[in-house]
Amino acid sequence: MKDIIIFDGAFGTYYAGLYGSEEYPEAANIRHPERVRAIHREYIASGANAIKTNTFAANPVTMSDPEWLGETLKSGYHIAMSAASESADVFADIGPIASEHAAVDYLTVAKIFLNAGADHFLFETLSEVDPLEPTVRYIREKIPNATIITSFAVTQDGYTRSGEYYQSLFRKADSMGADYVGLNCICGPAHMLHLMEKADTDRYAVIAMPNAGYPSVVNGRTIYVDNPAYFSDKLYDIYCCGVRAIGGCCGTTPRHIKETVDRIRSNDRSIEKAARPAVERTVAQTALSPKSNRPVIAVEIGAPVDTDTGFVVEAAHIAKRAGADFVTIPDSPLAKTRANSMMIAAKIQREAEISVIPHVCCRDRNQIAIKGDLIAGSIEGIRHILAITGDPISQTDRDFAKNVFGFNSYQLIRFIRELNAEAFADVPYYICAALNTSSVNFAAELNRAKEKIRNGANCFFTQPLFSEQNIENYRLAKKTLDCPVMAGIMPLAGYRNALFLNNEVPGIEIPEQVITQLENKTGEAAKQICLQYSRMIIDRIAENCDGYYIMTPLKKIDFSEELIRYIRAH
């Protein structure tokens, strides 16, 4: 058998199967150390030459008492060392930490392990790698020859819950200084095999620790199928992919590991892999550019609230004839249901023959639904996306509708960028993002925008510019951000519309003098006041403006049409 690390299986689910799930398995390090030691020894007897400490969920978030945390971690390490003796390596097991201060928390846990004598570290079930960098650097400073493994939890198609693709994470972790990179948890063995077949096991030392399968819940208990024979067959196939370390995650037992070891020993052979040239995906990006050397104009047209698409298609024709480059479709703004933005955008692009930018928000969809929409949009020839978090559902509506927010806007942008490098490599999306020029702390908003750029944003669409401060903030954004910034222009629809926007839509500030001018004005008189104010905003920002994002008010496409013609005439 070639030199390979064989890890144990799941500690937590195996412990729960033996002793019930009344308490976290980590508590047994102090309350029942003999149980912990016995399980470690079972795994070693099954053929494992590396074991994980019983500390997966022990961190400052789950254990706020520093003394209790320290005792749990140190006890877990010393029990594993006494069980392993010289027959197996002991890895300090550190699971994911869901905290705004994750970078600090990882370092806190690692320092406790280092003080206990650890020099092998396994960071597992991760969804991102950036918070680990200070900890990896610190371990390297203290023990240059320490062994560090980073292992990620991904869905069947290779994406973490934060939207990062596993091969991208392998590259990041490797450049950060990890000795091994790999996958564990979430995936069953067949799906992990599929992912490992695409992994570059020549470039990286790869670890694979799949679940036994996919769980079911019986009488309130999470149950995994007892399948050591099937599991060992699949893990052997994973071994043949050239991985350097294998093991099991949730649902796996000492029998799973024993049958895997037996399978490898009885079928061991020199695996000759076909040489694969390293391929770095280059995303051929579609730019947000006009047909000639002039500012880009995108016109927002709301999707219908019913099945009548007559207005949106006709409005798109009008916008195109006036000189617009794009039509953009919001995604159920203010959390009020409208037709799917991607489908309406596809219809407009087909029938009006104008490029489209549907908004995609993560308020209503999980990762599965978002990816499905993006695949459908790509099939329909959509090449631009405005990725946003989305307006939250109002408190009064939450009895019948719930926010999803599986992503935030940063993660959504990063998810689309990762898809661009893989699923959409030949026809990538150009990713637009939102910029709030009404933010009270605009310096912080610019920092958020820079983070969006780092995650993959190619351009920004601002909220409507109404006030003098909005204009100054737009100019500052133009100087600060190294990408196009589209200026949001929303012509008011009249006096009542101005009052509504000023009082009920967060982030919009309409000057009092404009509202006063509109009072008691109707028809053409009101329209001209509204348009004149929008023209003034356009004139103030026209110099070096990348483009305009005109938001059609209350189906008044004639307002947008006049502003398009005004921009094109100047």
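The values are calculated or read from the model by the stated rules, or taken from the named source; none is laboratory data. In this text the structure is predicted, and so the values were computed from the model without any measurement. Don't worry about glycine lacking a Cβ; one is built from the backbone with ideal geometry, like all the others, and counts go over all protein chains shown. SASA here: full protein model, heavy atoms, side chains in, ligands and nucleic acids out. Shrake-Rupley method; radii C 1.70, N 1.55, O 1.52, S 1.80 Å.
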_segment 118-131 - residue that is among the aliphatic types (A, V, I, L, M) and within 20 Å of I246 (Cα to Cα) and, of those, surrounded by the fewest Cβ atoms within 10 Å (Cβ to Cβ)_ = L126
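I'm trying to understand the selection: among the residues of segment 427-452, which are in a loop (DSSP other than H, G, I, E, B), open to solvent by 50 Å² or more (accessible area, probe 1.4 Å) and in contact (Cβ under 8 Å) with a residue 40 or more places away in the chain?
Across segment 427-452, the qualifying residue is only V427.
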*Taking N115 as the residue in question, decide whether it is assigned to a helix (DSSP H, G or I), at negative phi, out of contact with any Lys or Arg (no Cβ under 6 Å at 6 or more places or on another chain) and open to solvent by 10 Å² or more (accessible area, probe 1.4 Å).*
yes
*Within the set of pairs 6+ apart or on separate chains, which have a first residue in segment 483-500 that is more than 16 Å from Y548 (Cβ to Cβ) and part of a helix (DSSP H, G or I), a second that is open to solvent by 40 Å² or more (accessible area, probe 1.4 Å) and not basic (K, R), and C-beta atoms under 8 Å apart?*
Y495/E519; Y495/N520; N497/L554
_Qualifying residues in segment 129-166 (those that are among the charged types (D, E, K, R) and within 21 Å of C249 (Cβ to Cβ)) - the one modelled with the lowest pLDDT_ = R161
*Has segment 557-566 got at least one residue that is over 16 Å from A324 (Cβ atoms) and surrounded by fewer than 17 Cβ atoms within 10 Å (Cβ to Cβ)?*
no
_Looking at F424, F466, F400, can you tell me which residue is under 24 Å from L169 (Cα atoms) and either part of a loop (DSSP other than H, G, I, E, B) or at pLDDT below 95 (or both)?_
F424
*Of all the residues that make up segment 456-513, how many are of a type in the set (A, V, I, L, M) and open to solvent by 30 Å² or more (accessible area, probe 1.4 Å)?*
3
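Within segment 47-59, is even one residue among the charged types (D, E, K, R), under 27 Å from C241 (Cα atoms) and touching a residue at least 60 places away in the same chain (Cβ under 8 Å)?
So the first thing to find is which residues in segment 47-59 are among the charged types (D, E, K, R), and the list is 52.
Checking which are under 27 Å from C241 (Cα atoms) leaves us with 52.
If we keep only those that are touching a residue at least 60 places away in the same chain (Cβ under 8 Å) too, we end up with 52.
Yes, segment 47-59 contains at least one residue that is among the charged types (D, E, K, R), under 27 Å from C241 (Cα atoms) and touching a residue at least 60 places away in the same chain (Cβ under 8 Å).
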_Meets criteria (within 21 Å of N184 (Cβ to Cβ), open to solvent by 10 Å² or more (accessible area, probe 1.4 Å), aromatic (F, W, Y) and at pLDDT 95 or above) for F56_ = yes
_Sole exception among (1) buried (at least 19 other Cβ atoms within 10 Å of the Cβ); (2) under 17 Å from the mean Cα position of the chain (by Cα); (3) assigned to a loop (DSSP other than H, G, I, E, B) for Q156, by number_ = (1)
_Anything in segment 406-421 that is under 20 Å from Q463 (Cβ atoms) and either modelled with pLDDT of 95 or more or crowded, with 16+ Cβ neighbours inside 10 Å (or both)? List them, or say none._
S409, Y410, L412, I413
*In this structure, is E100 closer than 17 Å to L126 by Cβ, assigned to a loop (DSSP other than H, G, I, E, B) and of a type in the set (D, E)?*
yes
*asked:* Go through (1) open to solvent by 30 Å² or more (accessible area, probe 1.4 Å); (2) closer than 26 Å to P189 by Cα; (3) within 33 Å of the chain's Cα centre (by Cα); (4) modelled with pLDDT of 95 or more for S21 and report which single condition fails.
replied: (4)
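What do you reckon, is A28 without any contact (Cβ under 8 Å) to a residue 60 or more places away in the chain, of a type in the set (G, A, S), touching a Lys or Arg at 6+ places or on another chain (Cβ under 8 Å) and surrounded by 18 or more Cβ atoms within 10 Å (Cβ to Cβ)?
Yes, satisfied.
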